[in-house]
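Here the structure comes first, spelled out in structure tokens, and everything after it is commentary.
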Amino acid sequence: MIPCLFKKLFGFECLGCGFQRSLFLLFKGEFSAAFYMYPAVYTTLLFLLLVTLYFLDKSRNYQKIIWKAAGLNIIFMCIGYFYKHFYI
């Protein structure tokens with residue numbers, strides 16, 4: 001795993017900490033464990049898919065849905081971050 005530079009510099013986890021471990025859990029087929037590890041894993045993958053489509057398919061306008069997916073992803077990231085740090 002690639003270590004988190006933010007955590008090394010500042011001593012606490014960033015909003016993206018846990019994504020790599022969660023992605024590996026997804027590859028292993030452990031979907032609920034992946035969500036528990038990093039709740040924003042599915043919205044992050046959706047966002048990355050939409051950004052990829054935006055760059056590959058120039059015939060359609062994906063900007064509105066990308067912004068909505070980004071907003072949803074940020075909400076999931078923040079909720080997961082605060083839940084992990086204040087309730088666990």
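The values are calculated or read from the model by the stated rules, or taken from the named source; none is laboratory data. Every value quoted in this text rests on a predicted model; they were computed, and no experiment measured them. Cβ coordinates were reconstructed from backbone atoms using ideal geometry, including for glycine residues, and neighbour counts include every protein chain displayed. Side chains are part of the model used for accessible areas, which takes the heavy atoms of the whole protein and leaves out ligands, DNA and RNA. Shrake-Rupley method; radii C 1.70, N 1.55, O 1.52, S 1.80 Å.
Hey, with R₀ at 30 Å, roughly what FRET efficiency would L56 and E30 work out to, going by the Cβ-Cβ distance, to 0.05?
Values: r = 30 Å, r/R0 = 0.99.
Given R0 = 30 Å and the Cβ-Cβ separation, E is 0.50.
At 30 Å minimum axial length over the Cα atoms and a Kyte-Doolittle cut of 0.5, report the qualifying DSSP H helices in the chain, or say none.
Values: long enough: 63-86 (34 Å, 0.69).
Span-like helices here: 63-86.
What percent do you get for the relative contact order of the chain when only Cα pairs under 8 Å and 6+ apart count? Please list the in-between numbers first.
Numbers: 64 pairs, mean separation 20.8, N = 88.
24 percent.
Name the trypsin sites (Lys or Arg not before Pro) in the stretch 5-56 that are in a loop by DSSP and that have at most 12 other C-beta atoms within 10 Å, would you? Don't skip to the answer; put the middle values down first.
Numbers: sites: K7, K8, R21, K28; in loops: K28.
Qualifying residues, ordered by number: K28.
For the chain: lysine pairs with Cα atoms under 30 Å, gap of 8 or more or different chains, count?
So the count of such lysine pairs works out to 9.
Using the Cα centre of the chain as the reference point, and only Cβ charges (+1 on K/R, -1 on D/E), how large is the resulting charge dipole? Debye, rounded to the nearest 20. The partial results should precede the final answer.
Working: 9 positive and 3 negative charges, 30 e Å.
That gives the chain a dipole magnitude of about 140 debye.
Which percent of the accessible heavy-atom area of the stretch 37-87 goes to carbon and sulfur, probe 1.4 angstrom?
Values: 2760 of 3770 Å².
It is 73 percent, rounded to a whole number.
Would you calculate a helix-derived [θ] at 222 nm for the chain, using -39,500 (n - 2.57) for each DSSP H run of n ≥ 4 and dividing by the full residue count, to the nearest 500? Mind showing how you got there, number by number?
Working: 5 runs with 62 residues, N = 88.
Mean residue ellipticity at 222 nm (helix-derived): -22000 deg cm²/dmol.
For the chain, with every protein chain kept in place, what is the accessible area per residue (1.4 Å probe, Å²)?
Details: 6660 Å² over 88 residues.
For the chain, the per-residue accessible area is 76 Å².
Please go through the stretch 21-88 and write out the chymotrypsin sites (Phe, Trp or Tyr not before Pro) that DSSP classes as loop and that have at most 11 other C-beta atoms within 10 Å.
Numbers: sites: F24, F27, F31, F35, Y36, Y42, F47, Y54, F55, Y62, W67, F76, Y81, F82, Y83, F86, Y87; in loops: Y62, Y87.
Passing both the DSSP loop test and the Cβ count: Y87.
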